[in-house]
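Here the structure comes first, spelled out in structure tokens, and everything after it is commentary.
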């Protein structure tokens, strides 16, 4: 791998992390989701006939915090850098290397986001299965990299694109496991990850099939995100 890819990846991460607003959101969003959104989520589940308990709501809210932040960062990583990435590709780096650097930066940012969400959850309630919870939170973040990147590649307007990210997120949240008495949607991108996170928060084990499904979904999402980054960076004829 060219040394330009790691260098560009580090530059992309620094570009996001030097923004004071981004740093503030890394702290504020997990705190909001775990401390406040979890209660709202439990109330909604009760109103809709679901069975989402308080402990499970707090656990799954950490996953949603990681998903929301990762999806939003991935969207703006694509949306705000179309011209710059194309110029990098034309300057000799190539669209494939630019895409590799972008996906590397997105994964590193997702790791930071997931760490903040996991720490907030651990401080708030404690985690009976910390390793399982950390893996499930990471899966939320990785899956939403794909969602945010695809929307960023297809929608040029920051307003419309960010609203689409929020819409996808909202549908995912309120059709998740234990949210309603009837399964409105039988499959959403993070359903299996949500099951794993709820189980980790309630000290129950998860079947291997769920872990395999989550791993496959996260890998597919990263592959789709890589294609989205390449699509945006490729030189136009």
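Residues that are modelled with pLDDT under 85 and over 15 Å from residue 68 (Cα atoms) within the range 158-175 comprise just one, 175.
Being modelled with pLDDT of 90 or more and under 16 Å from residue 30 (Cα atoms) is the requirement here; does residue 149 meet it?
Numbers: modelled with pLDDT of 90 or more: yes; under 16 Å from residue 30 (Cα atoms): no.
No, not satisfied.
The number of residues in the range 5-49 that are farther than 23 Å from residue 118 by Cβ and at pLDDT below 80 comes to 6. Residues in the range 196-216 that are buried (at least 20 other Cβ atoms within 10 Å of the Cβ) and in contact with a helix residue (DSSP H, G or I) (Cβ under 6 Å, 6 or more places away or on another chain) were compared, and the one that is modelled with the lowest pLDDT is 201.
Could you go through the range 156-166 and let me know if any residue there is closer than 17 Å to residue 201 by Cβ, in a helix (DSSP H, G or I) and without any contact (Cβ under 8 Å) to a residue 24 or more places away in the chain.
no
If the condition is being buried (at least 16 other Cβ atoms within 10 Å of the Cβ) and within 21 Å of residue 133 (Cβ to Cβ), then the range 217-236 contributes 217, 218, 221, 222.
Evaluated against (1) touching a helix residue (DSSP H, G or I) at 6+ places or on another chain (Cβ under 8 Å); (2) at pLDDT below 80; (3) in a helix (DSSP H, G or I); (4) more than 23 Å from residue 146 (Cα to Cα), residue 59 falls short on exactly one condition, (4). Checked against (1) within 18 Å of residue 226 (Cα to Cα); (2) crowded, with 22+ Cβ neighbours inside 10 Å; (3) over 14 Å from the mean Cα position of the chain (by Cα), residue 154 meets all criteria but (2).
The values are calculated or read from the model by the stated rules, or taken from the named source; none is laboratory data. It should be emphasised that the depicted structure is a prediction, and the values quoted were computed from it without experimental measurement. No Cβ is skipped: glycine too gets one built from the backbone with ideal geometry, and neighbour counts run over all protein chains shown.
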